[in-house]
């Protein structure tokens, strides 16, 4: 198992912690990450979805969405198997995604990368796990926690900003399965994100 020691620091950000372990990289990144502390387990609510205004994409079923990433913070000296934009080595979480609802089941899909959760919880917690290879097997856990805003009053001309938006936080952690005692690892990402419904879906 290839390992390199690097200095370790945590920056605080809102997000959901997950499982896993540490892997270092030769390249250096810009910042140190936050501790991941939010929980996706919330008291069940009748529905986490607001009433949808006329003209907005339906609140159930499948619809295309646009994702905006903000305040992306990542550990220096690491690479990441998945992550927002250019951070992901194997999986890139970009700006185009698909929101799916089937009963209480919720999925946010960036192509084949699927975050799954439960619409009865508020805030909604979605999670994705995957295995990757790097001198052994690594398991990553990515989480998104947030909720849909209530719709703004409608005007005669409907714009995307008048439909509900999802505001939440993202967190990435990883585990070297050959060294479980050291999990979760030091290589982490936290970010804020906004999911915007595309009018006309």
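The values are calculated or read from the model by the stated rules, or taken from the named source; none is laboratory data. None of these values were measured; they are calculated from a predicted model. Cβ: placed from backbone, ideal geometry, glycine included. Neighbour counts: every protein chain shown.
Condition check for residue 103 on (1) within 18 Å of residue 148 (Cβ to Cβ); (2) surrounded by fewer than 16 Cβ atoms within 10 Å (Cβ to Cβ); (3) under 13 Å from the mean Cα position of the chain (by Cα): one failure, at (3).
Picking from 96, 113, which residue would you name as being on the phi < 0 side of the Ramachandran plot, at pLDDT 80 or above and surrounded by 15 or more Cβ atoms within 10 Å (Cβ to Cβ)? Spell out the reasoning first.
Details: 96 fails: surrounded by 15 or more Cβ atoms within 10 Å (Cβ to Cβ).
The unique qualifying residue is 113.
Within region 119-137, the set of residues being at pLDDT 90 or above and not in a strand (DSSP E or B) is empty. If the condition is being crowded, with 16+ Cβ neighbours inside 10 Å and at pLDDT below 80, then region 152-201 contributes 162, 163, 164, 197.
Please work out if residue 140 is within 17 Å of residue 72 (Cβ to Cβ), in contact with a helix residue (DSSP H, G or I) (Cβ under 8 Å, 6 or more places away or on another chain) and modelled with pLDDT of 90 or more. So residue 140 does not fit the description; no. In the set (1) surrounded by fewer than 17 Cβ atoms within 10 Å (Cβ to Cβ); (2) in a strand (DSSP E or B); (3) more than 11 Å from the chain's Cα centre (by Cα), the condition left unmet by residue 86 is number (2).
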